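Student: What follows is a single structure, and I will ask about it in a moment.
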Amino acid sequence: MSDPKPAAETRSFEAEVSRLLHMMVHSVYSNRDVFLRELVSNAADACEKLRTLALAEPALAAGDEAFKIEIEADKAAPGLAIADNGIGMSRQELIDNLGTIAQSGTRAFLKQAGEGAKGSALIGQFGVGFYSAFMVADSVTVTSRKAGTDEAWRWHSDGKGAYEVEPVDLADAPARGTRIVLHLNAESAAYAETETIERIVTAYSAHVPVPIVLKLADGEEEQLADGSALWRKPKSAVTEEEYKEFYGHVGGRFDDPAVTIHYRAEGRTEYSVLLYVPSSRPFDLFEPERRGKVKLYVRRVFITDEAEILPPWLRFVRGVIDSEDLPLNLSREMLQKNPVIEAIGKGVTNRVLTDLDKLATDDPERFAKVWEAFGAVLKEGLYEAPDRRDALFKLARFKTTTGGDAWRSLADIVAGFRPNQTAIYYALGDDAATIAASPHLEGFAKRGIEVLMLADPVDAFWVRTALGFDGKPFESVTQGAAQLDAIPALDDASATDEKTSDAALAALAARLKQALGDKVAEVRGSTRLATSPACLVAPEFGPDRQLEKILASRDGAGGRMAAILELNPSHPLIAGLAAQAAEGGAAAASVDAAAPLIFGLARILDGEAPDDPAAFAKALASLMEKTLSGAA
Ligand code: ADP
Ligand code: MG
């Protein structure tokens, strides 16, 4: 018994696929036309992959070097077929590629979409690729013969949870590549009409880099796309619509591009660029293996979408870079540390930053949308690429304590400095609401100082390494000794507040430090508080407390440094305690009893539990008891 060919086999989709299919089919998808774009894009990719492989191994494409995509409609069935003479798929590839959803964003997508009604809107932002066929078809048959092999396989599914794979006779398969046949469902018969197909291909796929022909009933062929490379055309010859259509193909997205960058670089390195900044976030933006997906071509031949041409902090950019200088037979190793690719990467990065800056000036509203979607990614560049910091600082926008909903630039913030203000102040936190409620901001609010609210995880990292902006250092509101005394309060009345004398405060601080021991690094008076009695701040040169929190949650344990306890000299509670500390004797002893309460209170204001909840509760209960019995 030789060559036991596996027979037909029924397998079930991964659980995730079934859920996604169910959601897609049951959501009223606003634009079902895009299924054709997805299948045509896949067919074009398959042709381009083979074109590249055939450079090294011409036999693979021998006999049929003219790559093309054929569409054929059958009004009677009604059915639609999309065929390509590209690379094709083996049995295993059919299983791997069509039985699993490869995109890493799928999991995140499903989590976000849930079973809820939000699903339909979200699908519109997510490239569902091959599976979109099930929006219009009640069954899909894929017959494929991989280039260079002499076996063919058929994949069939009704999209309801299972699929079959079986071997087919070579006579029933394309000589090379893949043929996908859709049996259209009752609502989708129109997709078998010539006019519909012409309209969709013109709208969505007119510039894929492989020619597309439509086979007509009389045996004639109509060319729908000539396969010319849009990015090679001069800007003046390309319309807005064409740019948008190509974005859909190359970006696999359903939104509109926010920025289109099209130019040709000449000189030492020559290349054409057609890149897009999307207007909405893809789902896998923060996946750990975050990579860009810009397609690299060499003289119109697709090479790879895995070359890291642009830095990771521009990974949201989509499109094509076509080099004149690279060799066609680029190996994986050659892609790394290649001086030509590095030069291109540098040049294109410059251009993307310049164009974003231009957008910020010309159309601040549209730019704000881009920043909202991708600011958190761009900010990674602030610490990953110190040489780009100035350019990125120009683009950076922030929500601030005094700015309301507006996105403020650093220049705006410096222009709004209060008299004697020398630093740009920031507060780190999990979200704007928590930050805004922080007691550390009271003294800043009283003085009308604008404070950056930094709520992206990346913020804790760049803000410490960035040396400042425009000569002004960045300072955390929860760190070091804020020098706020020199900055006048907005409201004169509060300037005349009763303040505990420095000497009394020093005595109280010493007593509290003694009572709290190593739990605090220091106890001192504060200028950053207005209404709260006390708060915790990080030592001048230690890590910010929010950063410590992030690191601790990331690495598990990770000890935190003892914080500094700051006291509000204008608060009646502090004034009262200071008076008792100064009195000495039994009065001073009651300060010791209050110490865990003050410390616990400061921790609660920091969003944490008292370090010893039982002791805190006991001290609080005994205090209340005393107060209540005193009042009786
Ligand atoms: P994506 O194109 O984003 O990878 P798809 O769902 O559109 O996702 O396709 C999944 C995979 O199936 C592709 O990456 C490719 O490997 C394979 N594939 C789909 N269509 C074809 C085709 N016509 N020829 C060869 N491979 C294909
Ligand atoms: Mg695809």
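Student: Provide the gained length on full extension for the span Glu187 to Leu216, in nm with one decimal, where the gain is 0.36 nm per separating residue minus the Cα-Cα distance. Don't skip to the answer; put the middle values down first.
Tutor: Numbers: separation 29, 0.36 × 29 = 10.44 nm, distance 2.25 nm.
Result for the pair: 8.2 nm of gain on full extension.
Student: If we restrict to alpha carbons, what Rg and Dmax does segment 254-331 come to, in Å?
Tutor: Expressed in Å, the Cα Rg and Dmax of segment 254-331 come to 13.2, 38.
Student: Provide, in order from the shortest bin, the percent of all Cα-Cα pairs of segment 200-307 in each 5 Å bin, continuing until the bin that contains the maximum pair distance.
Tutor: Percent of pairs per bin, in order: 2, 10, 18, 22, 19, 13, 9, 4, 2, 1, 0.
Student: How many nm separate the modelled label positions at Glu384 and Met561, each set 7 Å beyond the Cα in the direction of the Cβ?
Tutor: My value for the distance between the label points is 2.8 nm.
Student: Run the numbers for Ala521 and Glu583: contour at 0.36 nm per residue of separation, minus the present Cα-Cα distance, in nm. Please list the in-between numbers first.
Tutor: On the way: separation 62, 0.36 × 62 = 22.32 nm, distance 2.52 nm.
Working it through step by step, the gained length comes to 19.8 nm.
Student: Something else: Please report the base-10 log of the normalised intensity I(q)/I(0) for the chain, using a Debye sum with one equal scatterer per alpha carbon and no solvent, at each q in 0.05, 0.06, 0.07, 0.10 (1/Å).
Tutor: Those come out to -0.35, -0.48, -0.61, -0.95, one per q.
Student: Just the number please: accessible area per residue for the chain, 1.4 Å probe, all protein chains included, in Å². Could you put the intermediate results ahead of the total?
Tutor: Numbers: 29040 Å² over 632 residues.
That works out to 46 Å² per residue.
Student: Just to be sure I understand the model, the point goes 7 Å from the Cα along the line to the Cβ. What's the resulting Lys337 to Ala486 distance in nm?
Tutor: Simple spin-label model gives 5.0 nm for this pair.
Student: Shifting gears a bit: Report, in listed order, any pair from Lys295/Lys358; Lys295/Lys399; Lys394/Lys446 with a Cα-Cα distance greater than 32 Å.
Tutor: Values: Lys295/Lys358 25 Å; Lys295/Lys399 35 Å; Lys394/Lys446 29 Å.
Beyond 32 Å: Lys295/Lys399.
Student: Per the Cauchy relation, a quarter of the hull surface: what is the mean projected area of the convex hull of the alpha carbons in segment 493-631, in nm²? Provide the component values of the computation, followed by the final result.
Tutor: Numbers: hull surface 39.0 nm².
Value for segment 493-631: 9.7 nm².
Student: Any idea of Ser139's accessible area? Nearest 10 Å², probe 1.4 Å.
Tutor: Using a 1.4 Å probe on the heavy atoms, I get roughly 20 Å².
Student: Considering only DSSP states other than H, G, I, E and B, which trypsin sites (Lys or Arg not before Pro) in segment 530-621 qualify as loop sites with at most 16 other Cβ atoms within 10 Å?
Tutor: Numbers: sites: Arg545, Lys549, Arg554, Arg560, Arg603, Lys618; in loops: Arg560.
The qualifying sites are Arg560.
Student: Can you tell me the length gained on complete extension of the stretch Asp456 to Asp226, counting 0.36 nm per residue apart and subtracting the Cα distance? Before the final figure, lay out each step's value.
Tutor: Values: separation 230, 0.36 × 230 = 82.80 nm, distance 4.57 nm.
Result: 78.2 nm gained on full extension.
Student: Right, here's the next one. Tell me, what % of the accessible area of the chain is carbon and sulfur with a 1.4 angstrom probe? Before the final figure, lay out the partial values.
Tutor: Working: 15170 of 29040 Å².
Whole-percent figure for carbon plus sulfur exposure: 52.
Student: Order the following by accessible area, largest value first: Met135, Met561. Probe radius 1.4 Å; ligands, DNA and RNA are ignored. Display every interim value, and only then the final one.
Tutor: Working: Met135 15, Met561 95 Å².
I get Met561, Met135, largest accessible area first.
Student: How large is the helix-only mean residue ellipticity at 222 nm for the chain, computed as the sum of -39500 (n - 2.57) over DSSP H runs with n ≥ 4, divided by its residue count, in deg cm²/dmol to the nearest 500? Present the calculation step by step, with values, prior to reporting the outcome.
Tutor: On the way: 22 runs with 240 residues, N = 632.
Mean residue ellipticity, 222 nm, calculated: -11500 deg cm²/dmol.
Student: What are the aspartates and glutamates whose alpha-carbon lies under 19 Å from the alpha-carbon of Lys233, with same-chain residues fewer than 8 places away excluded?
Tutor: Straight-line reach from Lys233, under 19 Å: Glu241, Glu242, Glu245, Glu266, Glu270, Asp322, Glu324, Asp325.
Student: Any idea what the dipole of segment 493-631 comes to, in debye rounded to 20, about its Cα centre with Lys/Arg Cβ at +1 and Asp/Glu Cβ at -1?
Tutor: So the dipole magnitude of segment 493-631 works out to roughly 120 debye.
Student: Right, something else. Starting from the 7 Å offset along Cα-to-Cβ, what nm value, one decimal, do you get for the label separation of Asp172 and Ser501?
Tutor: Calculated label separation equals 10.2 nm.
Student: Computed FRET efficiency, Cβ-Cβ of Ala615 and Glu365, R0 60 Å: what is it to the nearest 0.05?
Tutor: Numbers: r = 54 Å, r/R0 = 0.90.
Given R0 = 60 Å and the Cβ-Cβ separation, E is 0.65.
Student: Cα-based count: Lys pairs in segment 493-631 below 23 Å, eight or more positions apart or different chains?
Tutor: Values: Lys499/Lys513; Lys513/Lys618; Lys519/Lys549; Lys519/Lys618; Lys618/Lys626.
For segment 493-631, qualifying lysine pairs total 5.
Student: Longer than 21 Å from Cα to Cα, which of Lys235/Lys293; Lys146/Lys293; Lys49/Lys293; Lys337/Lys379 are they? Say none if no pair is.
Tutor: Too far apart for the 21 Å limit: Lys235/Lys293; Lys146/Lys293; Lys337/Lys379.
The values are calculated or read from the model by the stated rules, or taken from the named source; none is laboratory data. None of the values given here were measured: they were computed from a predicted structure. Quick reminder, even Gly has a Cβ in these numbers, built from the backbone with ideal geometry, and neighbours come from all protein chains shown. Calculation scope for accessible area: heavy atoms of the full protein, side chains included, ligands and nucleic acids excluded. Shrake-Rupley method; radii C 1.70, N 1.55, O 1.52, S 1.80 Å.
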